[in-house]
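Note sheet for the following structure.
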């Protein structure tokens, strides 16, 4: 019966992919002058930041195609490199320092190889399925192996008439897909087979990351919107959550909640580490964790400020909000820890900083500095509870607290984006591309409800896909290493080497 359910689920996924192949149009609508429209249409025109539908050229009707701004292109190249920095070595060292010394190299290896695997899958089919017009959940395979993407191809930004080289956009978004999948590694660290990690990563990336990225971030770009009628057409062709007006500047739902739910599912399905709760499992190298956290903080500027896709004032806002929210969260976590235990720890400060980075991610380009400070404060205290009280309530051995930080922080940030994006609270509001004006807003309650829907669908899709993917891996090659291998350590048993010479 279990096998039948698994095959039925896979068949459904294949059917969705097949349906998405019916619309292979590659050329977007031509740029045109803005016209008047109802402000009520603004949520559909809101920038679901960090991704815009790529375009082939501005328009056949245009006299000359637009030329990408060299400053924007240079900034996005740097931002892409920063996201790679925050993954390898940043995330790898952060996770590596948190595990026991006998598993140090296994975590480094998993992060590096998952990043490499997803990068390859991204250019083979991931980019095409995530950022092409298909249906509300998947794009098409029209750009398989980046077919048709050349140095002259363009990708839209959030300003009319402003474009990037599409190859730059491909690379930038590829790093998002890769680090998201790498985040999951922390939840099942020290007990999962290396081959199982890779197989699970490929399955989850295909059936969870790709559709959620498409749902939240895909649209035809601002130049396709000229009047109320074209806005309606763009909305109908956009991703499921973009249609609803969900705001996610750099990946609160797509990256953090998505990975956290998959990690939590893995922690439950793999079971607890041998000796968990009975033996000491303290981090073996906190200085290395501090170095990793610092690299994450630096790299996150590419993650957040880069998600504006342009080197302008909004990128500066996202940059500053990322600094401020992270600093407040680190202070809040340390203060809460000092009140609870009498001492503030280095691990707590590093964890608080990551919690702030996570929570500000969906909001960084939408909220003012005051809103960023509140989000950081909430994230620091809430995630402190997430890795202590909530973790005990759940009873899962989430090895490196992926859900407690990325899940709790991501959910808090996603919901609070709907509050502090309001211009009345210092936020930027949203853009109406019919009138080509930003700062529009409906009501805080309505936007929070939309944000909650985004959280809900991310949890449901990621959770279902993760469980099925883990089961498939378990039935084929097995999920967990043997008890003997786990006791000896994955460095030796999985990779034949050790992190430190004696």
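Shown for 191, 487: other C-beta atoms within 10 Å of each C-beta, ranked fewest to most, produce the order 487, 191.
Rounded to the nearest 10 degrees, the inclination of helix 286-304 to the longest alpha-carbon principal axis of the chain is 10 degrees. Taking the helices alone, the chain has a mean residue ellipticity at 222 nm of -17500 deg cm²/dmol, built from -39,500 (n - 2.57) per DSSP H run of at least 4 residues and averaged over all its residues. The modelled label-to-label distance between residue 286 and residue 341, using points 7 Å beyond Cα along the C-beta direction, is 0.8 nm.
Helix 228-237 and the longest principal axis of the C-alpha atoms of the chain enclose an angle of approximately 30°. Remark: spin-label model distance residue 484-residue 464 equals 4.2 nm, labels positioned 7 Å along the Cα→Cβ axis.
Treating r as the C-beta distance of residue 501 and residue 444 and R0 as 56 Å, the FRET efficiency rounds to 0.45.
Counting beta carbons within 10 Å around each of 383, 364, 182 and listing the fewest first gives the order 182, 383, 364.
To the nearest ten degrees, helix 408-420 and the longest principal axis of the Cα atoms of the chain are 30 degrees apart. Once the C-beta distance of residue 278 and residue 116 is scaled by a Förster radius of 30 Å, the resulting FRET efficiency is 0.25 to the nearest 0.05.
Can you give the relative contact order of segment 33-495 as a percent, counting alpha carbon pairs under 8 Å and 6+ residues apart? Dividing the mean separation by the residue count of segment 33-495 yields 25 percent. One quarter of the surface of the convex hull around the alpha-carbon atoms of the chain equals 22.7 nm², the direction-averaged projected area.
Please order 205, 137, 456, 188 by the number of other Cβ within 10 Å, starting at the fewest.
Details: 205 25, 137 19, 456 12, 188 30.
Placing the least packed residue first, the sequence is 456, 137, 205, 188.
Distance between the modelled labels on residue 73 and residue 474, one decimal in nanometres: 5.0 nm (7 Å Cα→Cβ projection).
Taken together, the values in this text are just the output of simple stated rules run on the coordinates, not laboratory data. Here the structure is a predicted model, which means the values were calculated and not measured. Glycine also receives a Cβ, built like all others from the backbone with ideal geometry; neighbour counts cover every protein chain displayed.
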